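Written out below as structure tokens is the structure these notes cover.
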Amino acid sequence: MNYMLFICADPEAPEYVAAEDNIEEWVAEMAARGVRVGGDRLRPVEDATTVKVRKGEVIVSDGPFAETKEWIAGFDLIVCDDLDEAIEVASKHPMARFGKVEIRPFWPIEP
């Protein structure tokens, strides 16, 4: 099953320690296992643009969809046998220690 990992900042998490950030090891392990399809970091929320259409008019605004102290810092696409494996993969991500990782299965769009 396909899952997206939302890598989130969490103001209540322990302080980030760069020396303990093993993202390169995590990426290498998940690539070797054939679990990780892709992923990347996101630019800060200040660089976000929100688009919506109301009554046929395109409305563009700066900033994120919602104001919150928690924000999505990155994402990873993974393929796992089941949610248990996705949880195991997410728990090894360094941001599980310094932030939090939200797991969502893909909801396929039928053509």
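Kindly provide the set of residues from the range 19-43 that are free of Cβ contacts under 8 Å to residues at least 24 places away in the same chain and loosely packed, with under 11 Cβ neighbours inside 10 Å, ordered by number.
The answer is A19, E24, A32, R43.
Across the range 85-107, which residue is farthest from A18 (Cα to Cα) among those that are open to solvent by 90 Å² or more (accessible area, probe 1.4 Å) and either over 13 Å from the mean Cα position of the chain (by Cα) or of a type in the set (F, W, Y) (or both)?
So, considering only residues that are open to solvent by 90 Å² or more (accessible area, probe 1.4 Å) and either over 13 Å from the mean Cα position of the chain (by Cα) or of a type in the set (F, W, Y) (or both), the one farthest from A18 (Cα to Cα) is W107.
Quick check on this structure: which one of A96, A90, A86 is more than 14 Å from M1 (Cβ to Cβ), assigned to a helix (DSSP H, G or I), among the small types (G, A, S) and out of contact with any Gly (no Cβ under 7 Å at 6 or more places or on another chain)?
A96
All but one of (1) modelled with pLDDT of 95 or more; (2) under 13 Å from the mean Cα position of the chain (by Cα); (3) hydrophobic (A, V, I, L, M, F, W, C) hold for V27; which doesn't?
For V27, the failing item is (2).
Which of (1) without any contact (Cβ under 8 Å) to a residue 40 or more places away in the chain; (2) of a type in the set (A, V, I, L, M, F, W, C); (3) in a strand (DSSP E or B); (4) open to solvent by less than 90 Å² (accessible area, probe 1.4 Å) does V51 not meet, given it meets every other one?
(4)
Does the range 64-71 contain at least one residue that is touching a residue at least 24 places away in the same chain (Cβ under 8 Å) and either surrounded by 10 or more Cβ atoms within 10 Å (Cβ to Cβ) or outside any loop (DSSP other than H, G, I, E, B) (or both)?
Yes, the range 64-71 contains at least one residue that is touching a residue at least 24 places away in the same chain (Cβ under 8 Å) and either surrounded by 10 or more Cβ atoms within 10 Å (Cβ to Cβ) or outside any loop (DSSP other than H, G, I, E, B) (or both).
Of V79, V58, which residue is farther than 23 Å from D10 by Cβ, open to solvent by 80 Å² or more (accessible area, probe 1.4 Å) and either of a type in the set (G, A, S) or out of contact with any helix residue (DSSP H, G or I) (no Cβ under 6 Å at 6 or more places or on another chain) (or both)?
V58
The values are calculated or read from the model by the stated rules, or taken from the named source; none is laboratory data. Worth saying up front: this structure is predicted, and the values here are computed from it rather than measured. Note that each Cβ is placed from the backbone with ideal geometry, even for glycine, and that neighbours are counted across all protein chains shown. Please note that ligands, DNA and RNA were not included when accessible areas were found on the heavy atoms of the full protein model with its side chains. Shrake-Rupley method; radii C 1.70, N 1.55, O 1.52, S 1.80 Å.
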